[in-house]
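Undergrad: What follows is a structure written as structure tokens; I'll ask about it next.
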Amino acid sequence: MSLLVVGLSHRSAPVSVLERASLAAETQAKLLQDTLAAEPAAEAAVLATCNRIELYADVDKFHAGVAELSTLLAQHSGVGLDELTPYLYVHYEDRAVHHLFSVACGLDSMVVGEGQILGQIKDALALGQELHTAGRLLNDLFQQALRVGKRAHSETGIDRAGQSLVTFGLEQLAAGADVADWARGKRALVIGAGSMSSLAAATLARTGVAEIVVANRTRARADRLVEILSQPGGTGVAAHAVEMAAVSDELTRADVVVSCTGATGLVLTAEAVAGALGLAFDAAYEAPVASVPAPPADPDRHAAWVENGTAGAVRQAVRRATVPAQGAGPVRLALLDLAMPRDIDGATARLDGVRLVDIESRAAASPDAPMAADVDQVRTIVADEVAAFGAAQRAAHITPTVVALRTMAAGVVAGEIARLDGRLPDLDEKQRAEITQTVRRVVDKLLHAPTVRVKQLASEPGGAGYADALRELFDLDPQTVAAVSRADLNDPNRGRS
């Protein structure tokens, strides 16, 4: 296994960089195809969410792989390599497995324990399978990551350690008040009709808002979401859909706005929000830019930089310098931005009577280590699963060699039985069958102990050389072993989600 991951997330990069580096669906597909075409990579998968962009690959050379994957990320994200490199992290082999399993369990999320990442990992695997860039290693890895994440949520209380981004964002908007009391009787505008917007609308309905208006570029999707919200036996919330062109008018009547679209530009500008509230807006306003030291480019030094807390200090400095202070006065309009890149202009937080919660403020408010016992339990699960995955991969590495050995042995038996037929042509079928079975049992017994033992040894750390030893001792044809590997890899039932 030569698994390599190169990426950046909310833990290593400021939001401004993550926004610019975000990858559209078609860009992700092109990135995967170009990665597979690169010399060091045999497989590739990309995990792209609002908080992270990670490129996974099976590579034959570490340093060449890091250079190639970093370059490809820069090319497809549109962020220059020199600018992107300081924020990239690199994990290799078991550390890469540990990283993905931790991500799947929600340990690396902005809100610890959130489960939405499992769906995003499943989507990443499905894209790799659709484009045939995910082979045996990445299929096994991502499938196992999904199982580990589900195990963590079912066996521990990690769900209590963090809440969905929607719930957490609404709690921040409520500013310490009970969310249900805060939401009761309010009129909400939801912009977007995708999975996150639908979750936001359903959450708002459950909290007791009086009315929900849904705006989306595709009206049919907005109508469908309204239909779901208005189903008999549901929350009973009044809901209706409007065109995106009506958002400006709806702003004048809304108490809460939640936005999560796939737009590459701003959906709500500070000027538009100010106009809806009848406020003056200074278009010349610019948020101050932070001046912070760049992280080291070297992967090992960068890991230490993150571990010793320097990265956290830099992120806090960036937040203090780039997040505008909240406007004065009672809150007239609460804005929750769930999108990446952001939908709502950060400058809206400067407006009197406006409270804005976005990626930056959620990151600053998210507790670092809630429910420590549950988090520790999940970390134990991850460590155990990483060890088990490594052992399984090492054992699987020797399986084609064992299969090739048994195939060779079967061929020897068949050849000797054919030779016996020539020398003893008078044997009847019963005698011939008995002799054949006896020879096969002898061969199986001779091979049983060494093949079982070699699998055990190969599953241990440092056991990769046993496959080479087996091939050398029995003079196995490398082409035969490779054929077994290809047959296993091309199994249409393997690794499908």
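Undergrad: In the set Ser459, Ser497, which member is at pLDDT below 90, within 30 Å of Val103 (Cα to Cα), of a type in the set (Ser, Thr, Tyr) and open to solvent by 60 Å² or more (accessible area, probe 1.4 Å)?
TA: Answer to the selection: Ser497.
Undergrad: Within region 188-201, restricting attention to residues that are closer than 20 Å to His240 by Cβ and of a type outside the set (A, V, I, L, M, F, W, C), which residue is surrounded by the fewest Cβ atoms within 10 Å (Cβ to Cβ)?
TA: Per the stated criteria, the residue is Gly194.
Undergrad: May I ask you to list the residues in region 157-187 that are touching an Asp or Glu at 6+ places or on another chain (Cβ under 6 Å) and open to solvent by less than 20 Å² (accessible area, probe 1.4 Å)?
TA: The answer is Gly157, Ile158, Ala161, Gly162.
Undergrad: Residue by residue through region 26-54, note down the ones that are in contact with a helix residue (DSSP H, G or I) (Cβ under 9 Å, 6 or more places away or on another chain), at pLDDT below 95, charged (D, E, K, R) and open to solvent by 50 Å² or more (accessible area, probe 1.4 Å).
TA: Once the filter is applied, which keeps residues that are in contact with a helix residue (DSSP H, G or I) (Cβ under 9 Å, 6 or more places away or on another chain), at pLDDT below 95, charged (D, E, K, R) and open to solvent by 50 Å² or more (accessible area, probe 1.4 Å), region 26-54 yields only Glu39.
Undergrad: If you check every pair at least six apart or on different chains, which have Cβ atoms under 6 Å apart with a residue in region 114-136 that is more than 15 Å from Ile53 (Cα to Cα) and open to solvent by less than 20 Å² (accessible area, probe 1.4 Å) first and a residue that is assigned to a helix (DSSP H, G or I) and among the small types (Gly, Ala, Ser) second?
TA: Ala134/Gly128
Undergrad: Could you grab me the full set of residues in region 160-218 that are hydroxyl-bearing (Ser, Thr, Tyr), free of Cβ contacts under 8 Å to residues at least 40 places away in the same chain and not in a helix (DSSP H, G or I)?
TA: Thr218
Undergrad: Sticking with this one: Within region 24-33, does at least one residue satisfy the condition of being over 19 Å from Ala134 (Cα atoms), assigned to a helix (DSSP H, G or I) and not aliphatic (A, V, I, L, M)?
TA: no
Undergrad: Now, a different point. If you take the residues in region 415-438 that are touching a helix residue (DSSP H, G or I) at 6+ places or on another chain (Cβ under 9 Å) and in a helix (DSSP H, G or I), which one is farthest from Leu476 (Cα to Cα)?
TA: Ranking the qualifying residues of region 415-438, first place goes to Arg432.
Undergrad: Filter region 50-77 down to the residues that are under 16 Å from Leu31 (Cβ atoms) and among the polar types (S, T, N, Q) and list them by number.
TA: Correct list: Ser70, Thr71, Gln75, Ser77.
Undergrad: Determine the pairs where a residue that is surrounded by 21 or more Cβ atoms within 10 Å (Cβ to Cβ), located within region 389-410, has a partner that is outside any helix (DSSP H, G or I) and of a type in the set (S, T, N, Q) with Cβ atoms under 7 Å apart, the partner being 6 or more residues away or on another chain.
TA: From residues that are surrounded by 21 or more Cβ atoms within 10 Å (Cβ to Cβ), the pairs are Arg394/Ser459.
Undergrad: Looking only at residues in region 233-283 that are touching an Asp or Glu at 6+ places or on another chain (Cβ under 8 Å) and among the hydroxyl-bearing types (Ser, Thr, Tyr), which one is surrounded by the fewest Cβ atoms within 10 Å (Cβ to Cβ)?
TA: Selected residue: Thr269.
Undergrad: Among the candidates Gly176, Gly192, single out the residue that is within 29 Å of the chain's Cα centre (by Cα), on the phi > 0 side of the Ramachandran plot and not aromatic (Phe, Trp, Tyr).
TA: Gly192
Undergrad: It is to be established whether one or more residues within region 16-25 are at pLDDT below 95 and crowded, with 22+ Cβ neighbours inside 10 Å.
TA: The answer is yes; a qualifying residue exists.
Undergrad: When region 72-105 is examined, which residues are found to be in a loop (DSSP other than H, G, I, E, B), more than 17 Å from the chain's Cα centre (by Cα) and of a type in the set (A, V, I, L, M)?
TA: Listed by number, the list holds a single entry, Val79.
Undergrad: I would also like to ask the following. Evaluate the following for Glu68: is it part of a helix (DSSP H, G or I), charged (D, E, K, R) and open to solvent by 10 Å² or more (accessible area, probe 1.4 Å)?
TA: Yes, satisfied.
The values are calculated or read from the model by the stated rules, or taken from the named source; none is laboratory data. All values reported here derive from a predicted model rather than from experimental measurement. Virtual Cβ from ideal backbone geometry, glycine too; neighbours counted across all protein chains shown. Please note that ligands, DNA and RNA were not included when accessible areas were found on the heavy atoms of the full protein model with its side chains. Shrake-Rupley method; radii C 1.70, N 1.55, O 1.52, S 1.80 Å.
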